[in-house]
Amino acid sequence: MRTVKDTITLEDARRLTGPLAFSLMLKPAGSLCNLDCAYCYYLDKSEIYGGREPRMSLEDLDRYVRCYIAACETDEVTFNWHGGEPLILGLDFYRKAVEFQKKYADGKKISNTLQTNATLVNEEWARFFAEQGFLLGVSVDGPPEVHDRYRKDRGGVPTLERVLRGVSHLYAAKAEYNIMATINSASEGKGLQVYQYLKGLGSAFIQFSPVVEHVVWPMRDGKPDKHARPHIVDPSVERATLAPWSVSPVGFGRFLCDIFDYWVKHDVGRVFVNAFDCTLANWCGVPPGTCSYAETCGGNAVVEHNGDVYCCDHFVYPKYLIGNIYRDSLKDMMGSPEQLRFGIDKRNSLPRKCLRCKCWPLCHGGCPKHRFNTTDSGQTGLNALCEGYYMFFKRSAGAMLRMKNLIAEGKAPALVMFDGQP
(Lines give C-alpha, C1' and ligand atoms only; values in the text may rest on other atoms or scores of the structure.)
Protein backbone atom coordinates (compact mmCIF):
# COMPACT_ATOMS: atom_id res chain seq x y z
CA MET A 1 0.00 0.00 0.00
CA ARG A 2 1.36 3.42 -0.95
CA THR A 3 1.55 6.08 1.74
CA VAL A 4 1.76 9.85 1.62
CA LYS A 5 5.55 9.52 2.05
CA ASP A 6 5.71 7.76 -1.32
CA THR A 7 3.90 10.46 -3.28
CA ILE A 8 5.39 13.27 -5.30
CA THR A 9 3.77 16.42 -6.66
CA LEU A 10 3.90 17.73 -10.22
CA GLU A 11 6.53 20.21 -9.04
CA ASP A 12 8.64 17.35 -7.67
CA ALA A 13 8.33 15.56 -11.02
CA ARG A 14 9.30 18.69 -12.94
CA ARG A 15 12.40 19.15 -10.82
CA LEU A 16 13.41 15.50 -11.13
CA THR A 17 13.06 15.38 -14.92
CA GLY A 18 14.78 18.70 -15.59
CA PRO A 19 18.54 19.34 -15.77
CA LEU A 20 20.27 18.05 -12.65
CA ALA A 21 20.95 21.04 -10.39
CA PHE A 22 22.10 20.62 -6.83
CA SER A 23 24.45 22.06 -4.26
CA LEU A 24 27.22 20.17 -2.49
CA MET A 25 28.78 21.33 0.73
CA LEU A 26 32.36 20.07 0.76
CA LYS A 27 34.14 19.57 4.09
CA PRO A 28 37.77 19.05 3.03
CA ALA A 29 38.96 19.02 6.65
CA GLY A 30 35.89 17.24 7.99
CA SER A 31 35.02 18.45 11.47
CA LEU A 32 38.53 19.72 12.21
CA CYS A 33 38.40 23.22 13.69
CA ASN A 34 40.62 25.60 15.66
CA LEU A 35 37.65 26.65 17.82
CA ASP A 36 35.49 24.76 20.29
CA CYS A 37 32.09 26.43 19.97
CA ALA A 38 29.74 24.88 22.51
CA TYR A 39 26.81 24.49 20.12
CA CYS A 40 28.77 23.15 17.12
CA TYR A 41 26.91 20.08 15.90
CA TYR A 42 29.79 19.01 13.65
CA LEU A 43 32.74 18.60 16.02
CA ASP A 44 31.50 15.17 17.13
CA LYS A 45 31.37 13.87 13.54
CA SER A 46 35.04 12.91 13.77
CA GLU A 47 33.87 9.84 15.70
CA ILE A 48 32.40 8.47 12.47
CA TYR A 49 35.95 8.33 11.12
CA GLY A 50 37.66 6.97 14.19
CA GLY A 51 38.41 10.33 15.81
CA ARG A 52 41.12 11.14 13.27
CA GLU A 53 41.90 14.64 12.03
CA PRO A 54 40.92 14.25 8.38
CA ARG A 55 42.39 16.26 5.52
CA MET A 56 41.49 15.89 1.88
CA SER A 57 44.49 15.05 -0.28
CA LEU A 58 45.27 17.04 -3.41
CA GLU A 59 44.63 13.90 -5.44
CA ASP A 60 41.14 13.59 -3.99
CA LEU A 61 40.58 17.32 -4.45
CA ASP A 62 41.37 16.96 -8.14
CA ARG A 63 38.91 14.05 -8.44
CA TYR A 64 36.21 15.88 -6.52
CA VAL A 65 36.42 19.03 -8.66
CA ARG A 66 36.27 16.97 -11.84
CA CYS A 67 33.34 14.81 -10.66
CA TYR A 68 31.29 17.73 -9.33
CA ILE A 69 31.61 19.89 -12.43
CA ALA A 70 30.80 16.95 -14.70
CA ALA A 71 27.71 15.99 -12.66
CA CYS A 72 26.13 19.47 -12.72
CA GLU A 73 23.92 19.84 -15.81
CA THR A 74 23.80 23.62 -15.55
CA ASP A 75 25.96 26.38 -17.00
CA GLU A 76 27.00 27.61 -13.55
CA VAL A 77 28.62 25.53 -10.81
CA THR A 78 29.12 26.76 -7.26
CA PHE A 79 31.60 25.17 -4.87
CA ASN A 80 30.63 25.47 -1.21
CA TRP A 81 33.60 25.03 1.15
CA HIS A 82 32.65 24.26 4.72
CA GLY A 83 33.87 22.68 7.94
CA GLY A 84 34.87 22.53 10.73
CA GLU A 85 37.14 25.35 9.70
CA PRO A 86 38.13 24.99 6.03
CA LEU A 87 41.04 27.46 6.28
CA ILE A 88 42.95 24.96 8.39
CA LEU A 89 44.05 23.30 5.15
CA GLY A 90 46.09 26.35 4.18
CA LEU A 91 46.07 28.76 1.29
CA ASP A 92 47.94 26.49 -1.14
CA PHE A 93 45.07 23.98 -0.96
CA TYR A 94 42.62 26.55 -2.30
CA ARG A 95 45.05 27.79 -4.91
CA LYS A 96 45.11 24.22 -6.21
CA ALA A 97 41.32 24.06 -6.03
CA VAL A 98 41.02 27.10 -8.28
CA GLU A 99 43.61 25.59 -10.61
CA PHE A 100 41.59 22.36 -10.88
CA GLN A 101 38.37 24.30 -11.42
CA LYS A 102 39.88 26.08 -14.42
CA LYS A 103 41.22 22.78 -15.72
CA TYR A 104 37.82 21.03 -15.69
CA ALA A 105 35.41 23.97 -16.19
CA ASP A 106 34.55 22.94 -19.76
CA GLY A 107 32.98 26.30 -20.48
CA LYS A 108 30.93 26.43 -17.28
CA LYS A 109 31.01 29.44 -14.99
CA ILE A 110 32.61 28.53 -11.65
CA SER A 111 32.05 30.35 -8.38
CA ASN A 112 33.08 29.69 -4.78
CA THR A 113 31.57 30.26 -1.36
CA LEU A 114 33.34 29.50 1.90
CA GLN A 115 32.13 29.47 5.49
CA THR A 116 34.73 30.53 8.06
CA ASN A 117 35.11 31.73 11.62
CA ALA A 118 37.62 34.29 10.17
CA THR A 119 40.13 33.88 13.01
CA LEU A 120 42.77 32.64 10.55
CA VAL A 121 42.17 35.30 7.91
CA ASN A 122 45.18 37.55 7.31
CA GLU A 123 46.09 39.97 4.52
CA GLU A 124 47.25 37.16 2.20
CA TRP A 125 44.04 35.15 2.64
CA ALA A 126 41.91 38.26 2.15
CA ARG A 127 43.76 39.24 -1.02
CA PHE A 128 43.31 35.73 -2.44
CA PHE A 129 39.57 35.73 -1.74
CA ALA A 130 39.17 39.15 -3.36
CA GLU A 131 41.21 38.23 -6.44
CA GLN A 132 39.40 34.91 -6.96
CA GLY A 133 35.91 36.26 -6.25
CA PHE A 134 35.12 34.02 -3.27
CA LEU A 135 31.98 34.88 -1.31
CA LEU A 136 32.62 34.27 2.39
CA GLY A 137 30.17 33.59 5.16
CA VAL A 138 31.69 34.83 8.41
CA SER A 139 30.36 33.41 11.68
CA VAL A 140 29.65 36.22 14.17
CA ASP A 141 26.87 35.97 16.75
CA GLY A 142 26.84 39.57 17.95
CA PRO A 143 28.54 41.79 20.53
CA PRO A 144 30.99 40.24 23.05
CA GLU A 145 28.40 39.22 25.63
CA VAL A 146 26.57 37.22 22.95
CA HIS A 147 29.34 35.99 20.65
CA ASP A 148 31.85 35.02 23.33
CA ARG A 149 29.30 33.16 25.43
CA TYR A 150 29.53 30.04 23.29
CA ARG A 151 32.20 30.75 20.63
CA LYS A 152 35.52 30.10 22.37
CA ASP A 153 38.72 28.37 21.31
CA ARG A 154 40.03 25.08 22.62
CA GLY A 155 41.64 26.86 25.55
CA GLY A 156 38.34 28.45 26.56
CA VAL A 157 39.45 31.91 25.36
CA PRO A 158 36.84 34.23 23.76
CA THR A 159 37.24 34.67 20.01
CA LEU A 160 35.42 37.83 18.93
CA GLU A 161 38.55 40.01 18.88
CA ARG A 162 40.26 37.60 16.46
CA VAL A 163 37.14 37.36 14.30
CA LEU A 164 36.96 41.14 13.97
CA ARG A 165 40.62 41.25 12.98
CA GLY A 166 39.90 38.79 10.18
CA VAL A 167 36.86 40.78 9.07
CA SER A 168 38.96 43.94 8.93
CA HIS A 169 41.37 42.22 6.52
CA LEU A 170 38.46 41.14 4.30
CA TYR A 171 37.02 44.64 4.33
CA ALA A 172 40.36 46.25 3.49
CA ALA A 173 40.94 43.86 0.58
CA LYS A 174 37.40 44.44 -0.71
CA ALA A 175 36.64 40.73 -0.44
CA GLU A 176 32.92 39.92 -0.46
CA TYR A 177 31.48 38.50 2.74
CA ASN A 178 28.16 37.94 4.47
CA ILE A 179 27.48 37.60 8.18
CA MET A 180 26.21 34.28 9.53
CA ALA A 181 24.82 34.43 13.08
CA THR A 182 23.15 31.84 15.25
CA ILE A 183 20.18 32.61 17.47
CA ASN A 184 20.88 30.90 20.78
CA SER A 185 20.00 31.34 24.43
CA ALA A 186 22.55 34.17 24.78
CA SER A 187 20.74 36.04 21.98
CA GLU A 188 17.32 36.01 23.62
CA GLY A 189 16.00 39.49 24.40
CA LYS A 190 18.82 41.11 22.41
CA GLY A 191 17.47 40.95 18.86
CA LEU A 192 17.80 44.61 17.93
CA GLN A 193 21.10 44.97 19.78
CA VAL A 194 22.56 42.01 17.86
CA TYR A 195 21.21 43.30 14.55
CA GLN A 196 22.65 46.79 15.00
CA TYR A 197 26.01 45.33 15.95
CA LEU A 198 26.16 43.02 12.94
CA LYS A 199 25.13 45.85 10.61
CA GLY A 200 28.35 47.61 11.59
CA LEU A 201 30.59 44.83 10.31
CA GLY A 202 30.60 45.94 6.69
CA SER A 203 28.12 43.57 5.05
CA ALA A 204 24.55 44.22 3.96
CA PHE A 205 23.67 40.51 4.15
CA ILE A 206 22.90 38.81 7.47
CA GLN A 207 21.76 35.22 7.88
CA PHE A 208 20.28 34.07 11.19
CA SER A 209 20.11 30.38 12.09
CA PRO A 210 18.34 29.18 15.25
CA VAL A 211 20.18 26.75 17.50
CA VAL A 212 18.14 23.93 19.01
CA GLU A 213 20.19 20.87 19.91
CA HIS A 214 20.02 17.80 22.12
CA VAL A 215 22.98 16.50 24.07
CA VAL A 216 24.13 13.56 26.14
CA TRP A 217 26.45 14.46 29.01
CA PRO A 218 29.36 12.13 29.84
CA MET A 219 28.79 10.17 33.02
CA ARG A 220 31.01 10.55 36.06
CA ASP A 221 30.42 8.67 39.29
CA GLY A 222 27.03 7.63 37.98
CA LYS A 223 25.90 11.20 37.28
CA PRO A 224 25.97 13.47 34.19
CA ASP A 225 29.17 15.54 34.23
CA LYS A 226 27.98 19.06 33.36
CA HIS A 227 31.58 20.35 33.38
CA ALA A 228 32.60 18.13 30.43
CA ARG A 229 31.79 18.78 26.79
CA PRO A 230 28.55 16.94 25.96
CA HIS A 231 27.91 15.03 22.76
CA ILE A 232 25.36 16.60 20.43
CA VAL A 233 23.01 13.81 19.38
CA ASP A 234 19.75 12.99 17.68
CA PRO A 235 16.82 13.67 20.06
CA SER A 236 15.85 10.00 19.96
CA VAL A 237 19.10 8.90 21.64
CA GLU A 238 18.73 7.58 25.18
CA ARG A 239 19.42 10.21 27.89
CA ALA A 240 19.26 13.04 25.32
CA THR A 241 18.25 16.38 26.83
CA LEU A 242 17.77 19.84 25.38
CA ALA A 243 21.11 21.67 25.24
CA PRO A 244 21.43 24.75 27.49
CA TRP A 245 22.38 26.97 24.56
CA SER A 246 19.16 26.21 22.66
CA VAL A 247 16.93 29.19 21.93
CA SER A 248 13.38 28.95 23.28
CA PRO A 249 10.45 29.13 20.83
CA VAL A 250 9.23 32.44 22.25
CA GLY A 251 12.79 33.79 22.45
CA PHE A 252 13.29 32.95 18.79
CA GLY A 253 10.06 34.63 17.75
CA ARG A 254 10.74 37.78 19.76
CA PHE A 255 14.27 37.97 18.37
CA LEU A 256 12.96 38.08 14.79
CA CYS A 257 10.06 40.41 15.65
CA ASP A 258 12.29 42.95 17.38
CA ILE A 259 14.58 43.11 14.37
CA PHE A 260 11.74 43.14 11.84
CA ASP A 261 9.97 46.04 13.56
CA TYR A 262 13.07 48.17 13.04
CA TRP A 263 14.09 46.76 9.65
CA VAL A 264 10.72 47.35 7.98
CA LYS A 265 10.89 51.04 8.93
CA HIS A 266 14.55 51.73 8.17
CA ASP A 267 16.43 49.04 6.23
CA VAL A 268 14.29 47.42 3.51
CA GLY A 269 16.45 47.25 0.39
CA ARG A 270 19.51 48.29 2.37
CA VAL A 271 20.11 45.30 4.63
CA PHE A 272 19.09 41.81 3.55
CA VAL A 273 18.07 39.39 6.30
CA ASN A 274 17.54 35.80 5.17
CA ALA A 275 14.47 35.15 7.34
CA PHE A 276 12.73 38.25 5.97
CA ASP A 277 13.76 37.65 2.35
CA CYS A 278 12.61 34.02 2.48
CA THR A 279 9.30 34.93 4.09
CA LEU A 280 8.63 37.55 1.41
CA ALA A 281 9.57 35.05 -1.29
CA ASN A 282 7.00 32.58 0.05
CA TRP A 283 4.39 35.33 0.19
CA CYS A 284 5.14 35.94 -3.51
CA GLY A 285 5.13 32.26 -4.44
CA VAL A 286 8.76 32.12 -5.59
CA PRO A 287 11.58 29.83 -4.35
CA PRO A 288 12.79 31.15 -0.97
CA GLY A 289 16.49 30.50 -1.52
CA THR A 290 17.04 28.85 1.87
CA CYS A 291 16.11 25.18 2.19
CA SER A 292 14.61 25.45 5.67
CA TYR A 293 11.84 27.70 4.26
CA ALA A 294 11.26 25.54 1.14
CA GLU A 295 8.51 22.95 0.73
CA THR A 296 10.97 20.13 0.09
CA CYS A 297 14.72 19.68 0.44
CA GLY A 298 17.34 17.19 -0.71
CA GLY A 299 19.27 19.48 -3.05
CA ASN A 300 22.02 20.32 -0.57
CA ALA A 301 24.12 17.25 0.16
CA VAL A 302 27.41 17.06 2.05
CA VAL A 303 30.70 15.57 0.91
CA GLU A 304 33.15 14.59 3.61
CA HIS A 305 36.95 14.71 3.32
CA ASN A 306 37.08 11.10 2.04
CA GLY A 307 34.30 11.48 -0.54
CA ASP A 308 31.43 10.11 1.57
CA VAL A 309 28.15 11.78 0.61
CA TYR A 310 25.34 12.42 3.12
CA CYS A 311 21.82 13.68 2.50
CA CYS A 312 22.33 16.96 4.38
CA ASP A 313 24.77 18.83 6.60
CA HIS A 314 22.45 18.36 9.59
CA PHE A 315 22.05 14.63 9.00
CA VAL A 316 25.61 13.34 8.87
CA TYR A 317 24.80 10.02 10.50
CA PRO A 318 25.56 6.55 9.07
CA LYS A 319 21.92 5.92 8.11
CA TYR A 320 21.94 8.99 5.85
CA LEU A 321 25.08 7.97 3.93
CA ILE A 322 24.11 7.67 0.26
CA GLY A 323 27.48 6.81 -1.31
CA ASN A 324 30.98 7.98 -2.08
CA ILE A 325 31.95 10.17 -5.02
CA TYR A 326 35.03 8.05 -5.73
CA ARG A 327 33.10 4.83 -6.27
CA ASP A 328 29.55 6.00 -7.07
CA SER A 329 28.10 8.34 -9.68
CA LEU A 330 27.35 11.70 -8.11
CA LYS A 331 24.49 12.13 -10.54
CA ASP A 332 23.02 8.77 -9.51
CA MET A 333 23.38 9.56 -5.80
CA MET A 334 21.62 12.92 -6.05
CA GLY A 335 18.81 11.31 -8.04
CA SER A 336 18.63 8.17 -5.90
CA PRO A 337 15.42 6.99 -4.20
CA GLU A 338 17.08 7.62 -0.82
CA GLN A 339 17.85 11.26 -1.61
CA LEU A 340 14.45 11.77 -3.21
CA ARG A 341 12.65 10.33 -0.19
CA PHE A 342 14.74 12.45 2.17
CA GLY A 343 13.77 15.58 0.23
CA ILE A 344 10.03 15.01 -0.12
CA ASP A 345 9.69 13.71 3.44
CA LYS A 346 10.14 17.33 4.50
CA ARG A 347 6.61 17.89 3.23
CA ASN A 348 5.08 14.43 3.39
CA SER A 349 5.98 13.70 7.02
CA LEU A 350 4.36 16.82 8.46
CA PRO A 351 1.63 16.32 11.07
CA ARG A 352 -1.94 17.30 10.15
CA LYS A 353 -1.71 20.36 12.38
CA CYS A 354 0.98 21.83 10.12
CA LEU A 355 -0.81 21.08 6.86
CA ARG A 356 -3.94 22.83 8.19
CA CYS A 357 -2.03 25.84 9.54
CA LYS A 358 -2.31 29.14 7.67
CA CYS A 359 1.44 29.66 8.19
CA TRP A 360 2.43 26.44 6.43
CA PRO A 361 3.01 28.21 3.07
CA LEU A 362 5.50 30.49 4.86
CA CYS A 363 7.52 28.03 6.96
CA HIS A 364 6.79 24.63 5.34
CA GLY A 365 7.46 23.09 8.71
CA GLY A 366 10.96 24.55 9.04
CA CYS A 367 14.14 22.49 9.03
CA PRO A 368 13.55 18.76 9.62
CA LYS A 369 16.35 18.75 12.22
CA HIS A 370 14.06 20.74 14.53
CA ARG A 371 10.95 18.58 14.08
CA PHE A 372 11.05 16.56 17.26
CA ASN A 373 7.99 17.86 19.13
CA THR A 374 4.54 16.29 19.14
CA THR A 375 1.17 17.89 18.52
CA ASP A 376 -1.69 17.93 21.02
CA SER A 377 -3.14 14.93 19.21
CA GLY A 378 0.11 13.00 19.65
CA GLN A 379 1.48 13.22 16.10
CA THR A 380 5.24 13.54 15.82
CA GLY A 381 7.16 15.92 13.57
CA LEU A 382 6.13 19.31 14.95
CA ASN A 383 8.90 21.92 14.73
CA ALA A 384 10.28 22.81 18.16
CA LEU A 385 10.23 26.50 17.15
CA CYS A 386 6.65 26.48 15.85
CA GLU A 387 5.42 29.04 18.38
CA GLY A 388 8.22 31.42 17.47
CA TYR A 389 7.65 31.10 13.74
CA TYR A 390 3.93 31.74 14.23
CA MET A 391 4.70 34.83 16.32
CA PHE A 392 6.96 36.25 13.61
CA PHE A 393 4.64 35.46 10.69
CA LYS A 394 1.71 37.07 12.50
CA ARG A 395 3.72 40.22 13.32
CA SER A 396 5.13 40.61 9.81
CA ALA A 397 2.00 39.71 7.80
CA GLY A 398 0.72 43.23 7.16
CA ALA A 399 4.06 44.57 5.93
CA MET A 400 4.77 41.43 3.91
CA LEU A 401 1.43 41.75 2.11
CA ARG A 402 2.14 45.40 1.29
CA MET A 403 5.61 44.50 -0.06
CA LYS A 404 4.08 41.70 -2.13
CA ASN A 405 1.61 44.15 -3.65
CA LEU A 406 4.37 46.67 -4.37
CA ILE A 407 6.35 44.01 -6.23
CA ALA A 408 3.23 43.01 -8.21
CA GLU A 409 2.88 46.66 -9.23
CA GLY A 410 6.48 46.76 -10.44
CA LYS A 411 7.57 48.93 -7.54
CA ALA A 412 10.38 48.56 -5.02
CA PRO A 413 9.36 46.81 -1.78
CA ALA A 414 11.43 49.42 0.06
CA LEU A 415 8.52 51.83 -0.47
CA VAL A 416 6.86 50.05 2.47
CA MET A 417 9.06 52.22 4.69
CA PHE A 418 7.14 55.30 3.59
CA ASP A 419 3.53 54.15 3.74
CA GLY A 420 3.06 55.24 7.33
CA GLN A 421 1.50 51.95 8.44
CA PRO A 422 2.75 49.86 11.35
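Could you state, as a whole-number percent, how many of the C-alpha pairs of the stretch 292-343 are farther apart than 16 Å?
The share of Cα pairs beyond 16 Å in the stretch 292-343 comes to 32 percent.
Taking the mean number of other Cβ atoms within 10 Å as a proxy for protection, how do you rank 386-393, 90-97 from highest to lowest?
Most protected by this proxy first, the peptides run 386-393, 90-97.
For the chain, what is the percent of antiparallel DSSP beta bridges, rounded to the nearest 5?
Looking only at bridges with both residues in the chain, the antiparallel portion is about 35 percent.
Under 1.5 on a/c is rounded, so check that first for the chain, then, if it is not, pick prolate when a/b is larger than b/c and oblate when it is not; a ≥ b ≥ c are the square roots of the alpha carbon gyration tensor eigenvalues.
rounded
Tell me the per residue accessible area of the chain using a 1.4 Å probe; a whole number in Å² is fine.
47 Å²
Roughly how many whole Å is it from the C-alpha centroid of the stretch 165-209 to that of the stretch 102-144?
Between the Cα centre of the stretch 165-209 and that of the stretch 102-144, the gap is 16 Å.
Each residue of the stretch 380-385 in order: what ³J(HN,Hα) in whole Hz does its phi give by Karplus 6.51 cos²θ - 1.76 cosθ + 1.60, θ = phi - 60°, with x for Gly and Pro?
Per-residue couplings from phi come out as 8, x, 7, 5, 5, 9 Hz.
Would you work out the charge dipole size for the chain about its Cα centre, treating the Cβ of every Lys and Arg as +1 and the Cβ of every Asp and Glu as -1, and quote it to the nearest 20 debye?
780 debye
Through the Karplus equation 6.51 cos²θ - 1.76 cosθ + 1.60, θ set to phi - 60°, convert the phi angles of the stretch 35-46 into ³J(HN,Hα) values in whole Hz; use x for Gly and Pro.
Those phi angles translate into 10, 9, 5, 4, 8, 5, 7, 9, 4, 6, 5, 4 Hz.
Hey, got the dipole for the stretch 337-422? About the Cα centre, +1 on K and R Cβ, -1 on D and E Cβ, debye to the nearest 20?
Roughly 140 debye, rounded to the nearest 20.
Amide H to amide H under 5 Å from Phe372: which residues, 5+ apart in sequence or cross-chain, H placed 1.01 Å off N in plane?
Here Ala384 satisfy the definition.
So who's got an amide H within less than 5 Å of the one on Val233, skipping anything under 5 residues away but keeping other chains? H placed 1.01 Å off N, in plane.
His214, Val215, Val216
If amide H atoms are built 1.01 Å from N in the plane of the peptide, which residues on other chains or at least 5 residues away come under 5 Å of the amide H of Phe272?
Phe205, Ile206
For n ≥ 4 DSSP H runs only, could you compute -39500 (n - 2.57) per run for the chain, divide by its residues and tell me the 222 nm figure to the nearest 500?
-11000 deg cm²/dmol
Excluding same-chain residues fewer than 8 positions from Lys353, which lysines have a Cα within less than 19 Å of its Cα?
Those lysines meeting the cut-off are Lys5, Lys369, Lys394.
Over 23 Å between Cα atoms, which of Lys27/Lys103; Lys152/Lys174; Lys108/Lys346; Lys27/Lys331; Lys102/Lys331 qualify?
Over 23 Å Cα-Cα: Lys152/Lys174; Lys108/Lys346.
Work out from phi, with θ = phi - 60° and the Karplus expression 6.51 cos²θ - 1.76 cosθ + 1.60, the ³J(HN,Hα) of each residue of the stretch 95-109, listed in order in whole Hz, and give x for Gly and Pro.
Ordered by residue, 3J(HN,Hα) equals 4, 5, 4, 5, 4, 5, 4, 5, 5, 10, 4, 6, x, 7, 7 Hz.
The values are calculated or read from the model by the stated rules, or taken from the named source; none is laboratory data. Since this is a predicted model, take the numbers as computed values, not measurements. Here the Cβ is made from the backbone with ideal geometry for all residues, glycine too, and neighbour counts use every protein chain on show. Only protein heavy atoms, including side chains, enter the accessible area calculation; ligands, DNA and RNA are left aside. Shrake-Rupley method; radii C 1.70, N 1.55, O 1.52, S 1.80 Å.
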